[in-house]
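Asker: After the structure tokens below, expect a handful of questions from me.
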Amino acid sequence: ALPIFRIAMVDLPSRPTLPKREIAAAVAQACVSGGLGEVDIVAGDFNAIDGSVILERGFPGFRDALVEAGRGWLCTWPRALPLWKIDHVLLGPDVRAIDARVLDPGTSHHRMTQVDVEPR
């Protein structure tokens, strides 16, 4: 039988004037209160680069799949000339990335991330 993974999708605010610590606190609170539920993978547009307080405090215990198993150019935005990695796939403790890459879907403002995972 194939494993079943619980996935949460996020689309965090992109306004640069919003305090990142407040966004991180709200995300962390949603996780604790069950707003996201128990999840194995969190994916989407985080509007946050590697090392951001949003990733570190908002999703404690999660690892970035592109850091773990990425290959190639890993930036996702803007799609036409990606300079920043603001879209992420975060993995919980029971999931392992075996391969990860960023692809150009030919549409949208972002490139997409494809990750192959397996249970740990």
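Derivation of every value follows stated rules applied to the coordinates shown; laboratory data play no part. The shown structure was predicted, so the numbers you read here are calculated from the model rather than taken from an experiment. Cβ sites come from the backbone with ideal geometry, for glycine too, and all protein chains shown count toward neighbours.
Asker: Got a sec? Which of Asp87, Asp94, Asp104 is more than 11 Å from the chain's Cα centre (by Cα), in contact (Cβ under 8 Å) with a residue 40 or more places away in the chain and closer than 28 Å to Glu118 by Cβ? Talk me through it step by step, then tell me what you get.
Answerer: Working: Asp87 fails: more than 11 Å from the chain's Cα centre (by Cα); Asp104 fails: in contact (Cβ under 8 Å) with a residue 40 or more places away in the chain.
Sole residue among the options that is more than 11 Å from the chain's Cα centre (by Cα), in contact (Cβ under 8 Å) with a residue 40 or more places away in the chain and closer than 28 Å to Glu118 by Cβ: Asp94.
Asker: Sticking with this one: Looking only at the stretch 57-79, which residues are touching a helix residue (DSSP H, G or I) at 6+ places or on another chain (Cβ under 7 Å) and either surrounded by fewer than 15 Cβ atoms within 10 Å (Cβ to Cβ) or farther than 18 Å from Val10 by Cβ (or both)?
Answerer: Leu74 - this is the single residue of the stretch 57-79 that is touching a helix residue (DSSP H, G or I) at 6+ places or on another chain (Cβ under 7 Å) and either surrounded by fewer than 15 Cβ atoms within 10 Å (Cβ to Cβ) or farther than 18 Å from Val10 by Cβ (or both).
Asker: Another question, then. Please find, among Val42, Val115, the residue that is surrounded by 15 or more Cβ atoms within 10 Å (Cβ to Cβ), of a type in the set (A, V, I, L, M) and within 15 Å of Val10 (Cα to Cα). Don't jump to the end; show me each part of the working.
Answerer: On the way: Val115 fails: within 15 Å of Val10 (Cα to Cα).
From the options Val42, Val115, the qualifying one is Val42.
Asker: Only one residue in Ile54, Ile23, Ile86, Ile49 is in contact with a Lys or Arg (Cβ under 8 Å, 6 or more places away or on another chain), buried (at least 16 other Cβ atoms within 10 Å of the Cβ) and of a type in the set (A, V, I, L, M). Which one?
Answerer: Going through Ile54, Ile23, Ile86, Ile49 in turn, the sole match is Ile54.
Asker: For the stretch 27-34, indicate whether the set of residues that are buried (at least 17 other Cβ atoms within 10 Å of the Cβ), in contact with a Phe, Trp or Tyr (Cβ under 6 Å, 6 or more places away or on another chain) and not polar (S, T, N, Q) is non-empty.
Answerer: No, the stretch 27-34 contains no residue that is buried (at least 17 other Cβ atoms within 10 Å of the Cβ), in contact with a Phe, Trp or Tyr (Cβ under 6 Å, 6 or more places away or on another chain) and not polar (S, T, N, Q).
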